[in-house]
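Written out below as structure tokens is the structure these notes cover.
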Amino acid sequence: MEDVEKIPEAQVEGEELEDEESENLPFPNARVVRIIKANLKNPHQVKYDVKVAANELLGDILTDVSQRMNEEEYFTLSIEHFNKASRKYREIGLQQKRINRIKKILEKQRAELDEIIAEIEVDLPENPSTSR
């Protein structure tokens, strides 16, 4: 007889239940969870509702990209069509960088304005109505 490592029955039942439930999801849940965990720096336990929500979000994104590609007049869809359809998702990081850059510029301008206001207040004489 070979030594076969036995998996606890509860764990097997849990995996079967998760596999059955992930049949209603766009992607295999295990793959989505592996991607999530691979990108976490610290060990975390990911709740089931997070796994399902992430899976559904990915499905929604792919649905949107597919619908955008469907608008193309060409029979054969190429990587250019995919890139065009998925552009808004790829540019989210760039948009956030632009927003942060604008915030820094505005903060710098606010600091300069505060400095100018302080200088003006120092240079102005006291309120004439109170000096009498």
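Taking each of K47/K84; K41/K88; K37/K88; K51/K108; K41/K103 in turn, the alpha-carbon distance tops 30 angstrom for K47/K84; K51/K108.
Residues E80, E56, ranked from the fewest to the most other C-beta atoms within 10 Å, line up as E80, E56. Shown is the FRET efficiency for D49 and Q95, computed with R0 = 25 Å from the Cβ-Cβ distance and rounded to the nearest 0.05: 0.35.
A simple packing score, the average count of other Cβ atoms within 10 Å per residue, orders the peptides 102-111, 85-94 as 85-94, 102-111, with the highest score first. Taking 0.36 nm per residue of sequence separation and removing the Cα-Cα distance, the E115/D60 pair yields an extension gain of 14.9 nm.
Taken together, the values in this text are just the output of simple stated rules run on the coordinates, not laboratory data. Fair warning: this is a prediction, and the values are worked out from it, not measured in the lab. Here the Cβ is made from the backbone with ideal geometry for all residues, glycine too, and neighbour counts use every protein chain on show.
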